[in-house]
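See below for the structure under consideration.
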Amino acid sequence: MRVLDEDRDVKVDNLSIFLTKDEAIQMIGYLEDLVKNPSSHHAHLTSEDYQKEITICIYDQQNIDSFHPRAKKLIVEDE
């Protein structure tokens, strides 16, 4: 597991996420789709006002190169 605070460009080791029931249902759907269709390897869950966003990614050794350089560094080096 890797977590990146994209606003500050730092890894996060401890994170709490608070979702409404509808947001949780939407996230479950995204995760199920990512597991079934790994070629899409990411999805975006946004708040109703589009001010907050969670990007969910699936990574493995075969698709690391498809991520942008900062994400690759986080995945490989956990930094």
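A few remarks follow.
- Residue among ASN63, ASN37 that is modelled with pLDDT under 95, surrounded by 14 or more Cβ atoms within 10 Å (Cβ to Cβ) and on the phi < 0 side of the Ramachandran plot: ASN63
- Residue list for the range 32-46, restricted to those being in contact (Cβ under 8 Å) with a residue 24 or more places away in the chain and either more than 13 Å from the chain's Cα centre (by Cα) or over 23 Å from THR20 (Cβ atoms) (or both): PRO38, HIS41
- Selection count, the range 19-62, where residues are in a loop (DSSP other than H, G, I, E, B) and among the hydroxyl-bearing types (Ser, Thr, Tyr): 4
The values are calculated or read from the model by the stated rules, or taken from the named source; none is laboratory data. Small disclaimer: the values here were computed from a predicted structure and weren't measured. For neighbour counting, all protein chains shown are included, and Cβ atoms are generated from backbone atoms with ideal geometry for every residue, glycine included.
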